[in-house]
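Step one of this worksheet: look at the structure below.
The values are calculated or read from the model by the stated rules, or taken from the named source; none is laboratory data. Just so we're clear, the structure is a prediction, and the values are computed from it rather than from any experiment. Glycine also receives a Cβ, built like all others from the backbone with ideal geometry; neighbour counts cover every protein chain displayed.
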Amino acid sequence: MSNNNTPQHVLALVPGSTHADWRQHNKGGGWVYREARVAPTAFVGQDAAVFGRAEVLDSAAVRDHARVTGNATVCGRAVIADHAVVADHAWVRDHAVVAGNARVAGNAVVRDNGIATDHAKVAGTAQVGGFVKVSGNAEVADSARVCGYARVGENAAIYGSARVHGTAVVCGSARVGGFTEVGESAVIGGRAVAGENAVVGGAAKIDGNARVGGNARVGGFARIGGFAEVCGTADVRGSAVVGGNTVVGGDA
């Protein structure tokens, strides 16, 4: 559907573009730049835009004021809504949803039934899948992977080559990086940091300003808090409680 009344705010998305460079998609009436590709079966809402060399395929939908740009691909039955942005070489597929003011960029992938919402960011070569929800101001970056039913929220960040899975929750201002693995029903919150080759599982909870690193293992119903540090090859399990300024390391 051609249109010679392209709104100025749409023209501004590609500086120097003219009315002739844009068309309205037949399904939804949204705006599509001449170099972008939108399948006839896909939906682009009247206030949404697809530009750059982006592709929206299959039964995917770009709704509200959402933007798909760069070389990004949205396919399957994925939905991009609200003021969300999918950019660069990002790939959103299957039944994934990117909404709110969330941004998926770089070579990141949001797949399966994954959700990125609020002001969340998924970047680098990170992957969010399963039934994961990334919300708040949380960020999943670098080559991190979040899957299963995990939740990443508030101001948390998952980076490096970290893996978060199961029903694990990473929240507050927590940081999970390196090659850390967080699984089962573990919770990392507060301003806690888990890094290097640490493994956190079971129903363990790490919060406060605690640090877990090295090749440490934390599991069971263990609680690590305060300014405590668990490092080296330490193994903290059962109903252990480590707090204050305690340091647990070596072969503890």
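Structure data summary
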read-out	value
Members of the stretch 57-74 that are surrounded by 24 or more Cβ atoms within 10 Å (Cβ to Cβ) and either in contact with a helix residue (DSSP H, G or I) (Cβ under 8 Å, 6 or more places away or on another chain) or closer than 14 Å to R103 by Cα (or both)	V62, A66, V68, A72, V74
Positions within the stretch 78-92 being under 15 Å from A120 (Cβ atoms) and not in a strand (DSSP E or B), in sequence order	A81, D82, H83, A84, A87, A90
Selection status of V14, assigned to a loop (DSSP other than H, G, I, E, B), modelled with pLDDT of 95 or more and either among the aliphatic types (A, V, I, L, M) or buried (at least 19 other Cβ atoms within 10 Å of the Cβ) (or both)	yes
Residues of the stretch 164-184 satisfying the condition of being among the charged types (D, E, K, R) and either in a loop (DSSP other than H, G, I, E, B) or surrounded by fewer than 19 Cβ atoms within 10 Å (Cβ to Cβ) (or both)	E184
Residue match in the stretch 61-73 (condition: touching a residue at least 40 places away in the same chain (Cβ under 8 Å), assigned to a loop (DSSP other than H, G, I, E, B) and among the hydroxyl-bearing types (S, T, Y))	yes
Checklist (1) among the hydrophobic types (A, V, I, L, M, F, W, C); (2) more than 21 Å from H165 (Cα to Cα); (3) out of contact with any Lys or Arg (no Cβ under 9 Å at 6 or more places or on another chain) applied to F131, failing item	(2)
Count of residues meeting criterion [in contact with a Lys or Arg (Cβ under 7 Å, 6 or more places away or on another chain) and surrounded by fewer than 15 Cβ atoms within 10 Å (Cβ to Cβ)] in the stretch 17-39	1
Condition met for R103 (among the charged types (D, E, K, R), over 11 Å from the mean Cα position of the chain (by Cα) and at pLDDT 95 or above)	no
Candidate set from the stretch 17-40 (those that are in a loop (DSSP other than H, G, I, E, B) and among the hydroxyl-bearing types (S, T, Y)); member that is farthest from A72 (Cα to Cα)	T18
Criterion: buried (at least 19 other Cβ atoms within 10 Å of the Cβ), outside the structural domain of V109 (by TED's automatic domain parsing), within 23 Å of the chain's Cα centre (by Cα) and not acidic (D, E) - qualifying residue of A194, A210	A194
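Residue-wise test of (1) within 27 Å of the chain's Cα centre (by Cα); (2) more than 30 Å from A144 (Cβ to Cβ); (3) of a type in the set (A, V, I, L, M).
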| site | (1), (2), (3) |
| --- | --- |
| W22 | no, yes, no |
| V32 | yes, yes, yes |
| G52 | yes, no, no |
| T69 | yes, no, no |
| H83 | yes, no, no |
| H95 | yes, no, no |
| N107 | yes, no, no |
| V110 | yes, no, yes |
| G114 | yes, no, no |
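Table: residues versus (1) surrounded by 20 or more Cβ atoms within 10 Å (Cβ to Cβ); (2) in contact (Cβ under 8 Å) with a residue 40 or more places away in the chain; (3) over 24 Å from G201 (Cβ atoms); (4) basic (K, R).
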{"site": "G100", "(1), (2), (3), (4)": "no, no, yes, no"}
{"site": "V109", "(1), (2), (3), (4)": "yes, no, yes, no"}
{"site": "A123", "(1), (2), (3), (4)": "yes, no, yes, no"}
{"site": "A126", "(1), (2), (3), (4)": "yes, no, no, no"}
{"site": "S135", "(1), (2), (3), (4)": "yes, no, no, no"}
{"site": "G148", "(1), (2), (3), (4)": "no, no, no, no"}
{"site": "E154", "(1), (2), (3), (4)": "no, no, no, no"}
{"site": "Y159", "(1), (2), (3), (4)": "yes, no, no, no"}
